[in-house]
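What follows draws every value from the coordinates through simple rules; no lab data is involved. Treat the numbers as computed from the prediction; the structure is a model and nothing was measured. Using ideal geometry, Cβ is built from the backbone for each residue, glycine included, and neighbour counts are taken over all protein chains shown.
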Amino acid sequence: MINTVKIEALLKQKSIKSTAMRNLVLQYFLKINKAIDLKDLEIEFHYSDRTTLFRTIKTFEEKGVIHAIKDGSNTTKYALCNEKCTAENHIDIHPHFYCEKCKSTTCLRLISIPTINIGSDFTINATELIVKGVCDKCNQVA
């Protein structure tokens with residue numbers, strides 16, 4: 001079980017009011033350590049309503065607790081941010097791996113996406129890199 005003191009401290013650091021649902025959702029993200037979508041949360045927290053879960057996700061994203069991932073699966077997934085991310089500055093500039101077999105998405109935090117200089121007439125708002133293939137777990141089964 002994840003330390004509740006750590007969860008409370010992280011929420012306080014990000015200026016997020018602690019609630020039972022926020023604590024549970026953050027604990028779940030820390031436990032699973034992979035990207036999940038809103039449907040995954042709805043299954044895990046079937047006793048909660050969708051609106052509460054959606055608001056929790058949006059608050060976490062706005063405050064730099066999690067980041068959104070568009071992996072080509074037609075659903076937005078979310079994963080924990082680097083602890084240094086803030087509401088103003090998400091520094092999670094890393095690729096994500098999408099397994100075409102089990103449909104899971106994993107952050108590749110040890111790999112950085114290089115800065116791209118495309119000239120002064122352009123403004124880059126986001127850089128995304130999705131690597132697709134078969135994950136290690138699915139490769140072991142095959």
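Here are the numbers:
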{"item": "Relative packing of 65-76, 36-47, which averages over residues the other C-beta atoms within 10 Å, highest first", "result": "65-76, 36-47"}
{"item": "Pairwise centroid distance, computed over Cα atoms, of region 35-87 with region 107-141, Å", "result": "19"}
{"item": "Distance violations [Cα-Cα > 29 Å] among K14/K101; K12/K39; K12/K137; K14/K132; K70/K137; K58/K103", "result": "K14/K101; K12/K137; K14/K132"}
{"item": "Selection from Q27, T59, S104, by position along the positive dipole direction of the chain (Cβ)", "result": "Q27"}
{"item": "Three-way shape label, the chain, alpha-carbon gyration tensor, a/c 1.5", "result": "oblate"}
{"item": "Among I124, I113, I91: highest mean-square fluctuation, GNM of the chain, C-alpha pairs under 10 Å", "result": "I124"}
{"item": "Where labels lie 7 Å past Cα in the beta-carbon direction, separation of E83 and F54 in nm", "result": "3.3"}
{"item": "Within the chain, helix-based [θ] at 222 nm, where runs of 4 or more DSSP H residues each add -39,500 (n - 2.57), nearest 500", "result": "-10000 deg cm²/dmol"}
{"item": "Cα centre as origin, Lys/Arg/Asp/Glu Cβ charges: region 4-141 dipole, Debye", "result": "360"}
